[in-house]
Amino acid sequence: MQRSASIDFAKIALAAMVVALHAEIFKETSDYLSFIFVNGFLRIAVPLFFIINGFYFYNIVAKGKPLLPWAKRMASLYAVWMVLYLPFYYPHHPQSIKEDVEFLLKLVIGYHHLWYLAGSLGAGLVLYWVRGWSDAKLLTAAVLLFLLGAAAQYVFNYVDSSHLYLNKLFNNYWLFRNFLLLGFPMYAIGFLIAKGRANALSDSTVLALTVLGVLALFVESSLIYFFHPVRDHFDNCFSLILACPAIFLFVQRRAGTLTTDLYAKVSTVIYFIHPYFIFAMMGLMGMHTGTVLFLIAIGLSLLVSPLVIALDRRLKLLL
């Protein structure tokens, strides 16, 4: 089976961006530079993964394939990796109702970076359910839901949550970082691109939109930085709705094919395994966040990739 070389290589870059995000790259160099990357440019990674998934999800619908095998595969991946990360989020005080509730929420929503798997499963199920919608209706729903999620992110960061009720309501990342407000919109956009709905855009237009989207993302993250958000992290910038589809179109139109899925698997290993190294470096060796932590985490993730891929050939459970 032939694969797109540009997309598979891009997935490795996106996985590396997730590592850079979690390691808070440039933290030791400049607080501003780190912020606009960690809470700006690097935030294109997960939405682009969703777009790529939606792009390939079109084959399931177009060829009339049953959804169940795909759903079972996603659910099993989620279950396996949630078990592998269980020591990091299992309640330390089992008698605490608060910790028990948070634990149950993590089981449903996903721990740390694994929310992406739960988001992919939910997004795919919703997209399959509305697959009969017109392209215009699907695109409108995708854009509106994304904008709602981005607006919720701004409320999360800027609302005065000193009131107990508001604090309980808005002090939850899953309120906006979920399958419906981020996963589904990007899945739908990838799905529509696979249908050829962006074919009319010329390469020069795609390039212009890519540059515009990236610039808008840097401007937006800079404004967020200078207006001093209440909380540190910012997942859903408004600019992502322009930047991510444009970047995907730019990448997808590059020539070249592969006959191996090795590079795609390497990107998957990097994404799933890197928190182990970040947690180990910080918890056991006392390292601080920054560029050095990123380089070590990405280096070790690449180093163990062949081992994980070989193990998956036997188990068929990890990737």
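The alpha-carbon of residue 265 sits under 19 angstrom from the alpha-carbons of these aspartates and glutamates, leaving out residues fewer than 8 places away in its chain: 8, 312. Cβ-Cβ distance of residue 227 and residue 105, R₀ of 35 Å, FRET efficiency by 1/(1 + (r/R0)^6): the value works out to about 0.75. Between residue 93 and residue 134, residue separation times 0.36 nm minus the direct Cα-Cα distance comes to 9.8 nm. Full extension of the chain between residue 287 and residue 172 gives 38.6 nm of extra length, using 0.36 nm per residue less the Cα-Cα distance. Label positions at residue 5 and residue 314, each projected 7 Å from the Cα along the C-beta direction, are separated by 3.4 nm. Placing a label point 7 Å from the Cα of residue 62 along the Cα-to-Cβ direction, the residues of the stretch 197-226 whose backbone N falls under 15 Å from that point are 197-200.
You can think of it this way: the chain between residue 112 and residue 255 has 48.0 nm of extra reach, that is 0.36 nm per residue less the Cα-Cα gap. Given +1 at the Cβ of Lys and Arg, -1 at the Cβ of Asp and Glu and no other charges, the dipole of the stretch 48-254 around its Cα centre is 820 debye to the nearest 20.
For each pair in 11/316; 72/316; 65/137; 63/195, compute the distance between the two Cα atoms and list the pairs where it is over 19 Å.
With Cα atoms farther than 19 Å apart: 11/316; 65/137.
Across the chain, the mean sequence separation of Cα contacts (distance under 8 Å, 6 or more residues apart), normalised by length, yields a relative contact order of 34 percent. Within straight-line reach of residue 27, meaning a Cα separation under 20 Å, sit the following aspartates and glutamates at least 8 residues removed in sequence or on another chain: 220, 232, 235.
Just so you know, all these numbers are worked out from the coordinates, no wet-lab data involved. All values derive from a computational prediction rather than experimental measurement. Glycine gets a Cβ as well: all are built from the backbone with ideal geometry, and neighbour counts include every protein chain shown.
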